[in-house]
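A.B. asks: Would you mind keeping the following structure in view while I ask a few things?
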Amino acid sequence: MGSIYRFATPSYLLLLFLLVGTVFEPSFAALVKQQPLVLKYHNGALLKGEITVNLIWYGHFTPAQRSIIVDFIQSLSSAASPTPSAASWWRTTSKYKGGASTLIVGKQVLVENYSLGKSLKNVHIAALASKGGLLNAVNIVLTAKDVVVDGFCMSRCGTHRSTPGKNRVPYAWVGNSETQCPGQCAWPFHQPIYGPQTPPLVAPNGDVGVDGMVITLATVLAGAVTNPFNNGYFQGPATAPLEAVSACPGMFGSGSYPGYPGQVLVDKATGASYNAHGVNGRKYLLPAMWDPQTSACFTLV
Ligand SMILES: *[C@@H]1O[C@H](CO)[C@@H](O)[C@H](O)[C@H]1NC(C)=O
């Protein structure tokens with residue numbers, strides 16, 4: 001299980017954050033980043049080889065919104081995009097024991113009738129996830145902006161878990177925070193509620209909520225392949241693990257520190273911030289990922 005909260009800061013960062021408050025010194029951040037970060041491997045299975053990603057859309061999403069997400073998943077295993085590419089970001093997961101994980105978009109289920117209501121609990125997410133396939137798959141439930149989910153915005157922006165029992169199937173949930181808590185779950189495309197304030201970045205696909213979902217999706221996908229069953233790579237307690245991306249919170253480019261995402265690329269025509277190219281000419285802003293070879297958080301730019 002991994003709960004993904006954009007400001008889920010490691011305790012040492014949190015401590016500094018509290019001590020320094022709103023006038024955080026970049027030099028302190030540099031000191032903090034030099035501490036080696038180790039995600040211990042707990043000898044469990046990881047997801048490797050070809051993995052089907054099934055998408056269960058719950059509530060109203062426009063076709064344009066769905067294509068931002070589908071293109072993102074396809075970008076992770078595509079060789080076609082210019083550098084820095086989303087695929088080179090994803091390749092960091094192949095440095096974790098066991099080789100590459102190739103993601104293939106499988107079936108998409110649209111649940112546009114809100115058949116489980118607009119306020120979902122974990123059991124509802126599990127039920128929706130079971131609508132995807134079961135073999136070598138990760139089923140992802142994406143909830144629309146008008147859907148409230150237990151813990152959404154309060155402690156998390158998305159999660160990944162696995163089904164109980166013998167043949168455990170990993171699944172994940174990511175919510176659109178646009179109208180509920182964009183300052184938490186769509187940062188840095190929206191002003192944060194807490195902490196140091198830097199101006200929001202322009203979302204690379206022009207959709208604050210869905211571009212925020214891409215960041216959370218990137219986080220849960222990396223967590224799902226490197227710690228699918230709570231005995232893969234993580235730091236801290238298994239009940240609240242810091243995983244591949246959640247161990248590197250709030251970092252998108254070089255020179256990041258709490259509240260400042262770091263220096264990223266800017267599209268001259270649109271002003272959009274990004275750090276990765278994807279398929280179909282897409283641009284994405286992807287979070288830092290822990291690199292097991294260097295024991296450090298890695299950003300594309
Ligand atoms: C809602 O939509 C889903 C997916 O299309 C369908 O399986 C289900 O039967 C529908 N439920 C209702 C109550 O209409």
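A.B. asks: What is the one condition in (1) open to solvent by 30 Å² or more (accessible area, probe 1.4 Å); (2) within 19 Å of the chain's Cα centre (by Cα); (3) within 26 Å of Leu285 (Cα to Cα); (4) not basic (Lys, Arg) that Asp150 does not satisfy?
C.D. replies: Of (1) open to solvent by 30 Å² or more (accessible area, probe 1.4 Å); (2) within 19 Å of the chain's Cα centre (by Cα); (3) within 26 Å of Leu285 (Cα to Cα); (4) not basic (Lys, Arg), only one is false for Asp150: (3).
A.B. asks: Limited to region 227-276, what total is found for residues that are touching a residue at least 40 places away in the same chain (Cβ under 8 Å) and of a type in the set (Lys, Arg)?
C.D. replies: 0
A.B. asks: Check Ile125 against each of (1) within 16 Å of the ligand (Cβ to nearest atom); (2) open to solvent by less than 20 Å² (accessible area, probe 1.4 Å); (3) within 17 Å of the chain's Cα centre (by Cα) and name the one condition it does not meet.
C.D. replies: Failed condition: (3).
A.B. asks: Quick test for you: out of Ser246, Ser254, Ser273, pick the one residue that is surrounded by 24 or more Cβ atoms within 10 Å (Cβ to Cβ) and at pLDDT 95 or above.
C.D. replies: Ser246
A.B. asks: Does region 205-216 contain at least one residue that is without any contact (Cβ under 8 Å) to a residue 12 or more places away in the chain and open to solvent by 40 Å² or more (accessible area, probe 1.4 Å)?
C.D. replies: Within region 205-216, none of the residues are without any contact (Cβ under 8 Å) to a residue 12 or more places away in the chain and open to solvent by 40 Å² or more (accessible area, probe 1.4 Å).
A.B. asks: So is Ser273 in a strand (DSSP E or B) and among the polar types (S, T, N, Q) or not?
C.D. replies: yes
A.B. asks: Scanning region 85-121 for residues that are open to solvent by 70 Å² or more (accessible area, probe 1.4 Å) and polar (S, T, N, Q), which turns out farthest from the ligand (Cβ to nearest atom)?
C.D. replies: Filtering first and then ranking leaves Ser119.
A.B. asks: Continuing with this model, one more query. Only one of Ser67, Ser81 is open to solvent by less than 60 Å² (accessible area, probe 1.4 Å), away from the ligand (no atom under 16 Å from the Cβ), within 18 Å of Tyr274 (Cα to Cα) and modelled with pLDDT under 95. Can you tell me which?
C.D. replies: Ser81
The values are calculated or read from the model by the stated rules, or taken from the named source; none is laboratory data. Since the model is a prediction, treat every value here as computed from it, not as a measurement. Methodologically, a virtual Cβ is constructed for each residue, glycine included, from the backbone with ideal geometry; neighbour enumeration extends over all protein chains shown. Note: areas computed on protein heavy atoms with side chains; ligands, DNA, RNA excluded. Shrake-Rupley method; radii C 1.70, N 1.55, O 1.52, S 1.80 Å.
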